[in-house]
Structure formats: structure tokens, C-alpha cells
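Novice: Attaching a single structure in C-alpha cells format; questions to follow.
The values are calculated or read from the model by the stated rules, or taken from the named source; none is laboratory data. Please read all numbers here as calculations on a predicted model, not as lab measurements. Note that we place each Cβ from the backbone using ideal geometry, even for glycine, and neighbour counts take in every protein chain shown.
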Number of protein chains: 2
Amino acid sequence: MSESPAQLSALEAARRIADGRLTSEELVQACLQRIRQVEPAVQAWQFLDEEHALGQARAADERRRSGEPVGALNGIPVGIKDIIDTADMPTENGTVLHKGRTPRKDAAVVASLRAAGAVILGKTVTTECAYFTPGKTRNPHNPEHTPGGSSSGSAAAVAAQMVPLALGSQTAGSVIRPGAFCGDYAFKPTHGLIPRTGVLQLSRTLDHIGLFARSIDDLALLAEELTGYDDGDPDTRPLARIPFSSLSNEEPPIPPTIAFIKTPHWERVDADAKEAYGELLEALGDRIEEVELFPSASEAWDWQRTIMEAEMAANLEPLWLAGRERLSERLRSLMERGRETRAIDYQRVLRRVPAVVESFDELFMERYDAILTPPALGTAPKGLGATGDPVFCVLWTLLGMPAVTLPLMQGANGLPLGVQLVGRRNFDARLLRTARWLERKVAA
Amino acid sequence: MSESPAQLSALEAARRIADGRLTSEELVQACLQRIRQVEPAVQAWQFLDEEHALGQARAADERRRSGEPVGALNGIPVGIKDIIDTADMPTENGTVLHKGRTPRKDAAVVASLRAAGAVILGKTVTTECAYFTPGKTRNPHNPEHTPGGSSSGSAAAVAAQMVPLALGSQTAGSVIRPGAFCGDYAFKPTHGLIPRTGVLQLSRTLDHIGLFARSIDDLALLAEELTGYDDGDPDTRPLARIPFSSLSNEEPPIPPTIAFIKTPHWERVDADAKEAYGELLEALGDRIEEVELFPSASEAWDWQRTIMEAEMAANLEPLWLAGRERLSERLRSLMERGRETRAIDYQRVLRRVPAVVESFDELFMERYDAILTPPALGTAPKGLGATGDPVFCVLWTLLGMPAVTLPLMQGANGLPLGVQLVGRRNFDARLLRTARWLERKVAA
């Protein structure tokens, strides 16, 4: 069977569309065909209107034919997690309480994608309110295993070649973990780099937009369109466009030095994963050094829980009032804890965060280009009743540090085993540059 | 007796010093003489080292003589509330728990004053931790009356002509209220306009730096040196220097229209003050219209209390731990309430604030140049055991709107009765322009 355009990288597809060697309609048709084929097993989509997607594709082709300047993603289909508002599709936030909810405005990231010419292919499955109760999605590598969550559909759709790019969100470990479980390249940029306006807010402190793709090139291509200031998100700042593609393609001036951080949770990592990381360390030789997590950071998991509980209880209060009995027991008990949190405890942990960020800044300034650590306890766990443990993402989410997972290894069960690289805050393009170096080093 | 330089406005004194008609040493000597004369009755100063002040004055005179460029406040003495850090004087925050505390760094505003050439004359009395328990200061117009608080010493020192300028802070009503009680011109700019780095933090949401002077000219002169970005205060933003003096001296293009807002607390205003405001309204004729406070704002007093209690409990926790038994009962019981506040209630009120700010923005855009409202329930109350009620300041503090009080009237007891004007957020110079118009209109 000949290659389907659905297998192309976004970068290659965008080039062919720009050159006239491929139309967006052909690409979207190929994606839809792939979806028809694998969706019954994978269940990645919450909403998909084929005609509406094809209409956008034809409009992109028309723009190209007209000769007017087009965006970097002209004609490229993107999947959107169903907690991210779309003006032309429902956004149900993974809860029956928002069944049929139809936002009037696009989220800032969706508006940016449309401005770049992208086709908003459809809405991908999220767990309930992007927390832990799973949706219908299965792991494309083995349908008896979880795809991870909460960005389950986006992670699975990209891995299953239904769409080259997708957006998700991370408040604990909802991008890096499903990305790793599904064998994607997934990227959670620095907190505040991508505006969250129009996205279901769980926690201003912790929420991040995340990206799914099948290569670093494609993560860079997508990231370049999404960063920037938006006055609906008070954590964004005016900044110049970051040329992710060119910066991440630069050769590091000297070979990177990487810090391997086990964290206090290493003991819980699966035996086969421990072995695989051990081999990776060996392969990297003197380019990697084990670094002990400083004591001030070891309480950070408790802080993240306090913040997540308190902020989710406040942000999701309308759902609590509208029908808490229709929320899952898991979400309800989180909110019960959050409703009891004292303001003084909440504020106390919030103000301990900056000092830990500073300690990591020093670590990077002194010696290291990136931190290498597992994205999860191992490969995607068996069973669909849970989405796996976010414990290896929580610290970097709390600190707002950029993180990327790369599908460089396999577990004993043949499922993808990711490698997480974490960078210094606001040095996101450099993190992708280091990720490229690592990928080449491992392939060599 | 001939005029003492201590009676001069800061603007006039700065001109004479620049021209060589007055030296800073003469000015500071005159202020010290005035202090020796009235301080026994007023008790405005927490710390004052005459020799250190004169040394700064001589340095300012030396700078002028050397011909090097000097700042706009070269040689002008300024009083500093004793919750604002000074590297060369103690900063005791009004509590025995900080007795003898000597900061290593100047607060950002003190550094700005020094850069402008000012003489940091001394530290002025604050209530305990800038909350409600009074210090030793008395009202210069009548020592049996409170000067108001918490910026008691700064308000009294300026009114008593001990110093032409002083700095204070406001979290509920701690600048506008004592300014009005002492017959000062006092100004609390928009939240975030003046950095609070190095100032005892009670509440990031509510804390503001405030200014005391004896004219609008002098408020403008001082404000111009203090605004700007400081990376120690996350609520400041990079912005161009605001030319307060020239902007506030412009003629309004058309005569201002002012909204008179009674607020839900008008009933509690003293009878003689009600009468005086009635006469003022009559004098302003069709330039003023009574406007009903919109219902969404009427709960704001409760919100301010929730935020102040929760944030003060968290920020002052080190004092609580170090010796809560040495705090006043009043402060301790505030902190006890704050320690019980739920994070969800705290967050809920925080997020209701922006919509009210927006409603006021609309009010200004539609029709009004400023809001006129009392700064307090009347003139300074008799007695030194309390500092008066901040109820007429609380709303504008919560909303971060700029406010100024002008000593335009007198109460039945002969004490000064202020008029508060409140402006649109970030239109501070325009508020001073309207204040000048009002002052001229009343004098006419």
C-alpha cells in the first residue's frame, strides 16, 4: 500500500500544500479515512463533522490558489482537546453537566491556529473536566491499555496517525504522561507562554497548554504559532515571536550536559523502565550526571496537591452548584478537600514556589542544559479504569518549567517508553534543541 | 516672625535650592527647628537623627555646587512611614517584635527618592503593623483628636509643617483617612503604579503606597519620582515616566463632570459633614450629579475584609509564630479570623473584583471625570485610642482606583474636613488635573 498523506509530518504536509503537490482536502480526506479505519478501536474523538472539516480544507486550498499570503499551518488539520473552546463545535469539558455546550468564541489558541491557516479537525476526548476519570479512549498500541490522561484523545489521535498535530492541557501530568503512553512527541511549554483564554480553567497556577506531534520539527512548527500575550490570560507577557523551528535546529555550541534526576519517587518506577533508563544513561556516558533533588523541592508534590485542590474547588464551583451528584466520586472528593483548604495554607505553599524555581535556574546556569527524568512510572498501565500516575510530571508543572517527552524506548511489553527532558523556564526553544541532540545521540 | 523655609512647598523649596537662593541645609535646619518646637505635642516621628539628616542635606548642597545634574527633589526632606525599609535607619513596623530591626536594603521608593536627590529626614510613626492599633501620634490641629492611621506620623508631620512631603501606605484607608483628618493633600495612586518592594507586606491585593503634601503641585512633583516597574513587585508594569506635573496642570478641554457617590454607608456620615458636602454640591451646580452605586459593588466591603484577613494572616504569620502574645488583641483577632478563612471563599471574592472595576471604567468612559465622595465619616474623631473608620476608602482600595483627598472644608469643630476624588484606574494624572479644577472652583 502506498504512503497515505495522513502519515506525513505536519511540516512535510505544509510544504507539499504550499508547493501544490498536495491539497489540504486530500490531506484531510486521508485523515478522515484513517479515522474511519481506527476510531472504532481507539475512540479518540468527542466531536467530528467530516463536512465541516472538509469545508475548512477547501477554504485553505482556495487561499493558496488565490495567491494571498497564507500561514505556516495552512491546510494542516489539528485535533483540539474538548476543554478548549471552539466557536463552531461543541465543547463539553468531559462532563455530562456541559452536554451540548456551545461556546460563542474560540479559545485564544484556536484563534491562533485559524490565523495560521490550520483546519480545526474536531474535538478530542478529555477525561472528566481534565481530571482523573477516564473517557472512552484506548491506547492505539494496545486497546486494553490506557492512553493516559487527561488529554487522552489528542495523544491517541496523533499516535494513531489520525491527525498530525493536536492540543491538550496539563495541570498535573496531562500532556507529558499521555504523550509518553501513546508514543508521541509531547511538549508543555513554560507557564504563561501560551495563553489559556477560553480553556476550562482548573488552576491558574498550574494550567498549561500542551502540544502533541510525531516529531520535534512538528512540535516546533506548532509552538511557533501559539505563544504570545493575550489580555484574557494574566500570566502571559508581551514578547517577541519565538522562532522555535530555527532555534531548535541550531547546533549546540558544545555538547549538552544533562542532569539525571530520579526524584523521591524513583522507587516506584517499573523494573523494566528502570533498566531501560539505566541503559540510556550508559549510552550518554559523560554527557549525563545524576543530580540529587534539593530538599526544598521534595515537598513540592504536597504543595501541588494543595494548590490543585483549592483552585479546582473554586474554579469548578459552578459545576458543584449545578449538580455535584453528576460528577464522578473522584472529582467530587477532590473538590470536597479543596473546599476545606484554608486560605493561609494555600497562600503559604504558593509563596514557596519561586525559591525552588530559582534553585533550578541556578542548576541550569551553573552546568546543565536540561534535566532528564521519566515521564511516568513506566509504559501505559493495563486497564481503562484509570489514566496512570502523574507523579513524574507534577514537580515541573508546579514550577512552570518547560518539558518534552520523546518516544525513544520500549518497555518489556512492547509499548512505548518515553524520556522526559525538562528545561529552564523561558528557554523553551533551547529545550527542543537539546531534545534533538538527545534523539540523534540515541539513534547513533 | 518671618516665614520659615519649613513652610515652603516642596516645589518652591526645590526651585530656590536649584537657584541657589536656599540651601538644603537651611531647609532641613528649619524643619528640624519646627520639629523641636511641635514634636512634643504631635509625636509624629519614630526615628530621627538630626546629624544624619543634615549630612544628607550637605551632600545635596554639594551636588548642586559641583554643577552635576541633580534630581527634581534635590535637597528636599521627606518623611518615611516606618513600615518602609531604609538601609540607614531602623524600620520597626510599629511592633515591639521588630524593635531595633535594621533592614539591609532601601525599599524601592526610598531608593527612588535618593536617586531624585531627596533627604530621607526620618521615619514616621505607624500604627501596629499598619493595622488599627494606634501609635503615639496626635492630630496637629487638636492633640485630643486622632491623626487617623495607619500613616499617622506622615500625615501629622506634613500638616504640622515639619516636612513638606511624606510617604505612607494604604490597605484599607490608611492614607486618605489620616490625610483628611490632618488637613493634608494626600494621594493614593492606582494599584501597581508605585512598587511596594521593601515595604511590610500586609496584602498584595490591597497594599498601595500613598503620598502626603500640602498642595497638588507637591503631590505631582513627588508622584513623578515614584512610579515605575520593579521586579520585586509583581503588580508593577514597565511604563513610561508619567509627567504628573505637566499633565495635571493642563486645562481640562471642557469643564469636568463629577459623579457624587454616597455609597451604602452615607447614613453614618456626621451631620455637619453631610451639611458641608451638601453645600459643596450646590456650589458645583451642574458639574456634579449624584450617582447610585451599582448593586454589584455594594458587597465589596465584605470582599475587602475577607481578602485583608486572609492575606494579612499569611503575610504576618512570622510575627504570629514569633510572639503572637505581643501583638495587640485587635491584630491578633484579625489574624485568627484570617487563619480560618477558606481558600475557596478567598478566591471567590478575588475573582469578583475585575467586573466591578470594569463597571467603574464604563462610568468614566460614558460621562464622568471623577467620583466625589467623603474620605471619612467626618473630621478626626476625638480620642487617641482608635484611628477612625476607613469605610469611605475601602471600596477604592479594593478596586485599586486612584484617590486623592483635598482639605477644602472645615467641620463644626473647626477641624479640617476633606473631599475625596476618585479616578479611573491608570488615569492618575487626570485625577490630579480634576482635583486642581475642583480646588479652583471651590476657591472662586
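Novice: Looking at (1) in contact with a Pro (Cβ under 9 Å, 6 or more places away or on another chain); (2) surrounded by fewer than 24 Cβ atoms within 10 Å (Cβ to Cβ); (3) within 11 Å of B:A386 (Cα to Cα), find the lone condition where B:G148 falls short.
Specialist: Condition not satisfied by B:G148: (2).
Novice: From the list B:G71, B:G79, B:G168, B:G173, which one is in contact with a Leu (Cβ under 6 Å, 6 or more places away or on another chain) and touching a residue at least 24 places away in the same chain (Cβ under 8 Å)?
Specialist: None of the others qualify; the one that does is B:G79.
Novice: Looking only at the stretch B:326-339, filter to residues that are free of Cβ contacts under 8 Å to residues at least 60 places away in the same chain and exposed (fewer than 14 other Cβ atoms within 10 Å of the Cβ); which one of those is nearest to the other protein chains (Cβ to nearest Cβ)?
Specialist: B:E336
Novice: Okay, moving on. Looking at B:A314, B:A310, B:A355 in this structure, which one is away from chain A (no Cβ under 12 Å) and either out of contact with any strand residue (DSSP E or B) (no Cβ under 7 Å at 6 or more places or on another chain) or of a type in the set (A, V, I, L, M) (or both)?
Specialist: None of the other options fit; the residue is B:A355.
Novice: Okay, moving on. Report yes if B:L321 is farther than 30 Å from B:H265 by Cα, among the aliphatic types (A, V, I, L, M) and either touching an Asp or Glu at 6+ places or on another chain (Cβ under 7 Å) or more than 9 Å from every other protein chain (Cβ to nearest Cβ) (or both), otherwise no.
Specialist: Values: farther than 30 Å from B:H265 by Cα: yes; among the aliphatic types (A, V, I, L, M): yes; either touching an Asp or Glu at 6+ places or on another chain (Cβ under 7 Å) or more than 9 Å from every other protein chain (Cβ to nearest Cβ) (or both): yes.
Spelling it out, B:L321 is indeed farther than 30 Å from B:H265 by Cα, among the aliphatic types (A, V, I, L, M) and either touching an Asp or Glu at 6+ places or on another chain (Cβ under 7 Å) or more than 9 Å from every other protein chain (Cβ to nearest Cβ) (or both).
Novice: Still on this structure, please answer the following. Which condition number does A:F132 fail, the rest of (1) crowded, with 24+ Cβ neighbours inside 10 Å; (2) within 16 Å of the chain's Cα centre (by Cα) being met?
Specialist: The one condition A:F132 does not meet is (1).
Novice: Does any residue of the stretch B:260-268 turn out to be in contact with an Asp or Glu (Cβ under 8 Å, 6 or more places away or on another chain), modelled with pLDDT of 95 or more, under 23 Å from B:D369 (Cβ atoms) and not aliphatic (A, V, I, L, M)?
Specialist: yes
Novice: Can you say whether A:Q420 is under 17 Å from the mean Cα position of the chain (by Cα) and either in a loop (DSSP other than H, G, I, E, B) or of a type outside the set (V, I, T) (or both), as far as the supplied structure shows?
Specialist: Here the answer is yes, as A:Q420 does meet what is asked.
Novice: Hey, another quick one. Kindly indicate which of A:P402, A:P374 is more than 14 Å from chain B (Cβ to nearest Cβ) and either hydroxyl-bearing (S, T, Y) or in contact with a helix residue (DSSP H, G or I) (Cβ under 6 Å, 6 or more places away or on another chain) (or both).
Specialist: A:P402
Novice: Have a look at A:I254, A:I209 and point out the one that is modelled with pLDDT under 95 and either surrounded by fewer than 16 Cβ atoms within 10 Å (Cβ to Cβ) or not in a helix (DSSP H, G or I) (or both).
Specialist: Exactly one of A:I254, A:I209 is modelled with pLDDT under 95 and either surrounded by fewer than 16 Cβ atoms within 10 Å (Cβ to Cβ) or not in a helix (DSSP H, G or I) (or both), namely A:I254.
Novice: I need a count of the residues in the stretch A:176-199 that are in a loop (DSSP other than H, G, I, E, B) and either without any contact (Cβ under 8 Å) to a residue 60 or more places away in the chain or of a type in the set (K, R) (or both).
Specialist: First pass over the stretch A:176-199, keeping only residues in a loop (DSSP other than H, G, I, E, B): A:183-184, A:189-198.
Then keep just the ones that are either without any contact (Cβ under 8 Å) to a residue 60 or more places away in the chain or of a type in the set (K, R) (or both); that gives A:196.
Number of matching residues: 1.
Novice: Quick one: how many residues across the stretch A:28-63 are surrounded by fewer than 17 Cβ atoms within 10 Å (Cβ to Cβ), among the acidic types (D, E) and without any contact (Cβ under 8 Å) to a residue 60 or more places away in the chain?
Specialist: Summing the residues that are surrounded by fewer than 17 Cβ atoms within 10 Å (Cβ to Cβ), among the acidic types (D, E) and without any contact (Cβ under 8 Å) to a residue 60 or more places away in the chain in the stretch A:28-63 gives 3.
Novice: Can I ask one more? Out of all the residues in the stretch A:232-245, which are touching a residue at least 24 places away in the same chain (Cβ under 8 Å), in contact with a Ser or Thr (Cβ under 9 Å, 6 or more places away or on another chain) and not aliphatic (A, V, I, L, M)?
Specialist: Selection gives A:G232, A:D233, A:D235, A:T236, A:F244.
Novice: Tally up the residues in the stretch A:53-95 that are over 24 Å from the mean Cα position of the chain (by Cα) and not in a loop (DSSP other than H, G, I, E, B), please.
Specialist: The qualifying residues number 13.
Novice: Within the stretch A:99-118, identify whether any single residue is among the hydrophobic types (A, V, I, L, M, F, W, C) and over 16 Å from A:A223 (Cα atoms), and answer yes or no.
Specialist: No, that holds for no residue.
Novice: Of everything in the stretch A:1-52, what is polar (S, T, N, Q) and not in a helix (DSSP H, G or I)? Give them in sequence order.
Specialist: Correct list: A:S2, A:S4, A:S9, A:T23, A:Q43, A:Q46.
Novice: Only one residue in B:V158, B:V163 is among the β-branched types (V, I, T), more than 14 Å from the chain's Cα centre (by Cα), within 27 Å of B:E26 (Cβ to Cβ) and outside any strand (DSSP E or B), so which one is that?
Specialist: Details: B:V158 fails: more than 14 Å from the chain's Cα centre (by Cα).
Only one candidate qualifies: B:V163.
Novice: Also, quick follow-up: Of the residues A:Q347, A:Q304, which single one is in a helix (DSSP H, G or I), touching a helix residue (DSSP H, G or I) at 6+ places or on another chain (Cβ under 8 Å), crowded, with 21+ Cβ neighbours inside 10 Å and more than 14 Å from chain B (Cβ to nearest Cβ)? Let's see the steps before the verdict.
Specialist: Numbers: A:Q347 fails: more than 14 Å from chain B (Cβ to nearest Cβ).
The match here is A:Q304.
Novice: OK, next. Answer with yes or no whether B:E366 is within 14 Å of chain A (Cβ to nearest Cβ) and either closer than 25 Å to B:E267 by Cβ or free of Cβ contacts under 8 Å to residues at least 40 places away in the same chain (or both).
Specialist: Judged against the criteria, B:E366 is not a match.
Table: residues versus (1) out of contact with any Gly (no Cβ under 6 Å at 6 or more places or on another chain); (2) of a type outside the set (S, T, N, Q); (3) under 24 Å from A:A44 (Cα atoms).
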residue: A:I371; (1), (2), (3): yes, yes, no
residue: A:G383; (1), (2), (3): yes, yes, yes
residue: A:D389; (1), (2), (3): yes, yes, yes
residue: A:G400; (1), (2), (3): yes, yes, no
residue: A:Q410; (1), (2), (3): yes, no, yes
residue: A:L421; (1), (2), (3): yes, yes, no
